[in-house]
1. Please state the shape class of segment 11-356: rounded when a/c is under 1.5, otherwise prolate if a/b exceeds b/c and oblate if not, all from the C-alpha gyration tensor.
2. Quick one: 3J(HN,Hα) in Hz for segment 85-96, Karplus 6.51/-1.76/1.60 with θ = phi - 60°, rounded, Gly and Pro as x.
3. What residues qualify as long-range amide H neighbours of residue 169, i.e. H under 5 Å apart, gap of 5 or more or another chain, H built at 1.01 Å from N?
4. Please compare each pair in 247/447; 161/333; 53/447; 211/416 to a cut-off of 31 Å on the Cα-Cα distance and tell me which ones are over it.
5. Nearest 10 degrees is fine. How inclined is helix 149-159 to the longest principal axis of the chain, computing both from alpha carbons?
6. Return a whole-number percent for the relative contact order of the chain, with Cα pairs under 8 Å and 6 or more residues apart as the contact set.
7. Kindly state, to the nearest 0.05, the FRET efficiency for residue 421 paired with residue 25, given R0 = 60 Å and r defined as their beta-carbon distance.
8. Once the dipole of the chain is set up with Lys and Arg at +1 and Asp and Glu at -1 on Cβ about the Cα centre, which of 45, 55, 172 lies farthest towards its positive end?
Amino acid sequence: MEYEVIFYNTFLDMLKGAKEKFSDLLFWEDSNGKCTYDHFYNDIMKSAGYFLKLGSKYIVLGLNDQYLFAVIYIAAVITKHIVCLLPENHLIPDNMQPAYIVDDKRLKEIMNNVPISENELINTDPNEPCTIAFSSGTSAKNKGCILSQRNLLYDAQYSMKIYHYWKGERLIHILPYWHLFGIVADLIGPLHQGCCLYAPESNVYFFQAMKYFKPHCINMPPALADTLCSRLKSTQDIRSTGGCLKKILCAGAPMNIQTAYSLKAFGILPCIAYGLTECSPCVAVTPDTDIAFGTVGKPIPCVDVKIKDGEILVSGSTVMLGYFENEEMTKQKVVDGYFYTGDMGYFDKNGNLVVVGRKDNMLIFGNGTKCVPEIIESRLNGLPGIEETLLRTNFSGKYAMPELIIVSSDFNNGIKEKVTAVMKEEALYPFILTIQTEKLTRNSMEKVVRK
């Protein structure tokens, strides 16, 4: 089943459409108050007047206020600037200088402008660069991915053919806008469809926000899905989520399979999006009508995905224009129109994509055994009593041995026996076992740090 979706080619067209269709509808609410779609539109037009007079090509957003981040981001794009989405505490690359930094100090000057007319704006070329988003994997250095409005809009619009938003639907905004998944799933998608966003002051107030705003859906990292599941298990009351939550969408890392099953049992559909910054970012998503556990669903309609030597390759209108100031790396990663993701995977018999791990994470042990650690971790994470696992190589002995780190607050001999059985089946025995209660270390993109 595919939903009907209106297609826009530029942010300005989408903004005009949202104003015409949803003018008086609530768009945003946070601790500072509420605003309608009409108010949001006017704030963007104020900012656009400022950016029309600005000579700098690159705009860097250093804003804590997520509403104003959204305003400035769209205003900069529709006035032909290139916005750089930098993770927190990330230094501006030297080859991006001089960049114009929009921080809290400059906001007053920007927002004091008189709104301009949309007639003063010329629709930009949707294929030209509009955003540079920085990709950060579990071990690789950050890379600037150059993206166009076409990349981002096609990704959002085609994704919504599978995972849909509805007019008036309430979302809690959790994902930071410097993260591309946040821009597409928590800004472009909801704005396109007329959704209402509520932004808590921090994730500390997440559960209070749910009770107050009664969201229908939330986009979140898998770690927060685990926390949500634990809360539901402890309360056994769906009203702790506000009583209206029907689905969540996770990305950035695999969802714990036990978490997924438990959420489904509570009537919350646990959907997964698979993607990379280089692909704007969504490549595949599980439909919000039903899910195939253990998969990331089918590729979105505007991409072609194929498997070559076990690696997932992606082609289509969402693949980036290239890496910023790095033509050599672009040529290495995009060959004959296909982006080599570095992820290992396959299609199941129903055409659903299964992602098994990173090609770069392949482990080779002293006894000659090779494995993709994510496959083993996925099996172990499905065992009761295990919160998460990390498989890595230990070089402290005469030869490289498997070392398994298990996060568990209730580890016992029964769990140990099941873990040992899995490790023997995978030819990873003997192994070094470490039990801890602390969560695994993650980077700014919520991915486990393996090294």
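Only the coordinates and a few stated rules stand behind these numbers; no lab work does. Everything numeric in this text was worked out from a predicted model, so none of it was measured. Cβ atoms come from the backbone with ideal geometry, glycine included; neighbour counts cover every protein chain shown.
1. Details: a/c = 1.74, a/b = 1.13, b/c = 1.55.
Since a/c reaches 1.5 but b/c is at least a/b, the shape of segment 11-356 is classed as oblate.
2. 3J(HN,Hα) across segment 85-96, in whole Hz: 8, 9, x, 4, 6, 8, 6, 6, x, 4, 7, 9.
3. When sequence neighbours closer than 5 places are left aside, the close amide H contacts are 196.
4. Numbers: 247/447 22 Å; 161/333 28 Å; 53/447 40 Å; 211/416 39 Å.
As for pairs spanning more than 31 Å Cα to Cα, those are 53/447; 211/416.
5. With both axes taken from Cα atoms, the answer is about 60 degrees.
6. Relative contact order for the chain comes out at 12 percent.
7. Values: r = 55 Å, r/R0 = 0.91.
Step by step, r from the Cβ atoms, then E = 0.65.
8. Going by the Cα projections, it comes out as 172.
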